[in-house]
1. Exactly one of these conditions fails for Asn40: (1) in a loop (DSSP other than H, G, I, E, B); (2) over 25 Å from the mean Cα position of the chain (by Cα). Give me its number.
2. Considering only the range 1-28, how many residues are out of contact with any Ser or Thr (no Cβ under 6 Å at 6 or more places or on another chain), more than 13 Å from Tyr55 (Cα to Cα) and outside any loop (DSSP other than H, G, I, E, B)?
3. Can you tell me which residues in the range 43-56 are more than 23 Å from Ala179 (Cβ to Cβ) and outside any helix (DSSP H, G or I)?
4. Which one of these does Pro31 not meet: (1) at pLDDT below 85; (2) assigned to a loop (DSSP other than H, G, I, E, B)?
5. Quick check on my filter: what residues within the range 1-23 are surrounded by 12 or more Cβ atoms within 10 Å (Cβ to Cβ) and over 25 Å from Arg130 (Cα atoms)?
Amino acid sequence: MNPFVLHQDQEPDPPIYSFTKRTLEASIRRPPCECRDCENSFYPVQIQRHAQHSYHLRLSDTVAERSARSLAQSIHRSRDRLSNRIQVFGDVLMSRWKKRSQAKRAALLKEAAPDLEEEQWLIPRYSYTRERLYMRERSPIRRRQLLLPWLNVHVLKTNPAVLFALLHYRTAYSPQSWATFDNRQLTFS
């Protein structure tokens, strides 16, 4: 379905993608809705003509519904598990985390979440890398880092309250309550 093929890649020039008009037109899909609430969820027709905003996979309604249901169930199970752990171990976690030095906090964070970005300001730094020029070449790790640019080792190790606030608010409110915020994060990233 992806009409774009890497044609030329020579540094320091940006990569060049090629396509045929027929494959490009065949890949374009009209958004089901063009209201303000949905505009961030679907690419407009004109934008899909650019390589970085073209769709590269099409799912049937049945597969999409099954996938969405499975992901929602997984989110709820994870949230319930985290809530139970916080109820049992929350006070111990808080007191131990506050007592740790920044170096020990950083080591624990890297052990628990090895893919967590080290430093702040990922998006401005990323915009100067060559990696950003390659469509669909981002690793799942980099995608997660770009979707959560404020979540990094530096912030979590220097301010213990950030971890507690994150754990508290993500478990105190339902995933539906966070949907608007998370959708806005997708737009900003």
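The values are calculated or read from the model by the stated rules, or taken from the named source; none is laboratory data. From a predicted model like this one, the values you see are computed outputs, not experimental measurements. Here the Cβ positions follow ideal geometry from the backbone for every residue, glycine too, while neighbour counts run over all protein chains shown.
1. Going through (1) in a loop (DSSP other than H, G, I, E, B); (2) over 25 Å from the mean Cα position of the chain (by Cα) one by one, Asn40 breaks only (2).
2. So the count comes out to 7.
3. Scanning the range 43-56 gives Val45, Gln46, His50, Ser54, His56.
4. Among (1) at pLDDT below 85; (2) assigned to a loop (DSSP other than H, G, I, E, B), the lone unmet condition for Pro31 is (1).
5. Within the range 1-23, just Thr23 meets the criteria.
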